[in-house]
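A quick write-up on the structure given underneath.
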Amino acid sequence: MSDEASPPPIFNLQAYSPAEIKEAVEKVGVKKANLPFLVSFMLAIVAGGGVGFGAVYYTIVASDPELSFATTRVLGGLVFSLGLVLVMVGGAELFTGNNLIVMAWASGRVSTGTMLRNWTIVWFGNLLGSLGLIVLIYFSHHLDMNDGRIGVSILNTAAGKIRPDMVTLFFKGILCNVLVCAAVWLAYAGRTVTDKVVAVILPVSAFIAAGFEHCVANMYFLPLAWLLVQTGHVPANFDVSPITVSGILHNLVPVTLGNIVGGAGLVGAVYWAIYRAAFGASYRAEK
């Protein structure tokens with residue numbers, strides 16, 4: 001054994017460059033797309049519950065009638081960021097973030113069928129995780145807090161999400177996932193947990209504050225509101241007509257499609273084209 005002391009470890013706290021992020025997102029995309037069904041589905045359930053907890057946190061803020069509009073939206077968005085933090089730091093499979101698998105697909109490292117298989121598994125896993133959290137929340141009587149205003153806030157949020165036409169919801173879905181996938185992209189630049197948390201907060205809080213539509217968050221808000229209607233937990237004179245199963249589908253279908261366009265198209269495909277075409281060759285040569 002040598003008597004020479006081992007050199008001290010080198011700590012690099014500099015953020016990864018955008019070209020390095022592109023390579024990392026592709027590698028992770030290949031791994032995600034090829035996960036076994038059960039692993040992918042279970043991690044998707046975890047992500048659905050995680051985003052649901054972000055929605056729980058948001059609703060507490062939204063149920064306070066003394067806050068101004070802007071304060072409610074911005075503060076609610078900040079606390080909702082908990083959902084993506086749980087996914088990115090804890091490790092889980094989120095449909096909207098997994099739209100970035102399109103980068104691995106564009107490089108020919110993932111087939112179309114494999115990518116769509118992942119999106120399908122994860123979408124339904126996220127739904128099951130959200131529904132599971134709804135059951136826990138309902139029987140915990142959390143919705144009775146603040147003199148029942150938590151439950152009323154859920155109903156108001158759901159009705160507001162269902163009322164717009166499908167074209168409007170589609171574009172709200174696009175804008176939402178541009179910001180969510182930007183948050184995921186920025187989180188890949190970080191080397192520490194703190195980096196990742198800070199990177200996520202502003203883009204996620206921005207989409208909540210702006211009223212954009214996230215299909216996985218809506219998997220919590222909409223079925224929970226429907227459950228409240230079915231069990232009679234509705235204030236007098238509240239219009240429950242939008243909160244139906246068809247109303248839920250009216251929201252989730254265009255929002256899901258919009259999320260795909262925003263995340264896969266306007267973030268994943270755009271970054272892939274930029275760093276593959278403009279910088280890819282020089283970056284690989286440096287490597």
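Read the figures in this text as sums done on the coordinates, not as results from a lab. Bear in mind that the values here come from a model prediction, so they are computed numbers and not experimental data. All Cβ positions, even for glycine, are placed from backbone atoms using ideal geometry, and neighbour counts span all protein chains on display.
Selection over segment 131-152 of residues that are touching a helix residue (DSSP H, G or I) at 6+ places or on another chain (Cβ under 7 Å), closer than 20 Å to residue 50 by Cβ and not hydrophobic (A, V, I, L, M, F, W, C) gives a count of 3.
The set of residues from segment 35-76 being surrounded by fewer than 15 Cβ atoms within 10 Å (Cβ to Cβ) and over 30 Å from residue 144 (Cα atoms) comprises 36, 37, 38, 39.
The set of residues in segment 185-213 that are surrounded by fewer than 17 Cβ atoms within 10 Å (Cβ to Cβ) and farther than 26 Å from residue 252 by Cα comprises 191, 192, 193, 194, 198.
Assess whether residue 121 counts as being in contact with a helix residue (DSSP H, G or I) (Cβ under 6 Å, 6 or more places away or on another chain), under 18 Å from residue 185 (Cβ atoms) and either assigned to a helix (DSSP H, G or I) or among the aliphatic types (A, V, I, L, M) (or both). No, not satisfied. Residues that are aromatic (Phe, Trp, Tyr) and free of Cβ contacts under 8 Å to residues at least 24 places away in the same chain within segment 111-169 comprise just one, 139.
Matching residues to (1) of a type in the set (Lys, Arg); (2) touching a residue at least 40 places away in the same chain (Cβ under 8 Å); (3) closer than 17 Å to residue 159 by Cβ; (4) assigned to a helix (DSSP H, G or I):
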{"position": "195", "(1), (2), (3), (4)": "no, yes, no, yes"}
{"position": "201", "(1), (2), (3), (4)": "no, yes, no, yes"}
{"position": "204", "(1), (2), (3), (4)": "no, yes, no, yes"}
{"position": "209", "(1), (2), (3), (4)": "no, yes, no, yes"}
{"position": "222", "(1), (2), (3), (4)": "no, yes, yes, yes"}
{"position": "226", "(1), (2), (3), (4)": "no, yes, yes, yes"}
{"position": "233", "(1), (2), (3), (4)": "no, yes, yes, no"}
{"position": "237", "(1), (2), (3), (4)": "no, no, yes, no"}
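Yes or no, residue by residue, for (1) surrounded by fewer than 19 Cβ atoms within 10 Å (Cβ to Cβ); (2) closer than 28 Å to residue 121 by Cα:
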site: 183; (1), (2): no, yes
site: 217; (1), (2): no, yes
site: 224; (1), (2): no, yes
site: 233; (1), (2): yes, no
site: 241; (1), (2): yes, no
site: 244; (1), (2): yes, yes
site: 250; (1), (2): no, yes
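Of all residues in segment 89-104, those being crowded, with 23+ Cβ neighbours inside 10 Å and part of a helix (DSSP H, G or I) number 10. Scanning segment 30-82 for residues that are assigned to a loop (DSSP other than H, G, I, E, B) and touching a residue at least 40 places away in the same chain (Cβ under 8 Å) yields a count of 6.
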